[in-house]
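Here, each number is a calculation from the coordinates, and none is a lab measurement. Worth saying up front: this structure is predicted, and the values here are computed from it rather than measured.
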Amino acid sequence: MRSAVVRASPLLLLAIAWEAAARSGVAPGLALPPLSEVAAAWGRLLRGGDLWANGAASLARLAAGLGLAILLGAPLGVLMAWWRPLRILVK
């Protein structure tokens, strides 16, 4: 039990610091809202279904970007390894 508390303590300290910084006014509310309000908003989005829909759209964009990076980057890397003028141009 003690090791679990020790492992979780950095996250707990971060959460406390976040809440304290937001509540004390050290950070502007728009830049750093309190953690409790963020958690409540996540709960509302989760219950409303918006979080799932927007999360799926974000994951689709992520997959498309990764796919394009692989499709364009891998051949470009191979060409750069084989053809020195391209390597010099791209570097």
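Compared with the dominant principal axis of the Cα atoms in the chain, helix 2-24 is inclined by about 80°. The 3J(HN,Hα) values that the Karplus relation (6.51, -1.76, 1.60; θ = phi - 60°) gives for the stretch 69-77 are, in residue order, 4, 5, 5, 8, x, 5, x, 5, x Hz. Gly and Pro appear as x.
Stretch Met80-Ala57 to full length: gain in nm at 0.36 nm per residue minus the Cα-Cα span? Write out the running numbers ahead of the final one.
Numbers: separation 23, 0.36 × 23 = 8.28 nm, distance 3.38 nm.
Between Met80 and Ala57, full extension yields 4.9 nm more.
Diffusion coefficient (Stokes-Einstein, Kirkwood radius over C-alpha pairs, 20 °C, 1.002 mPa s) for the chain: 120 µm²/s, rounded to a whole number.
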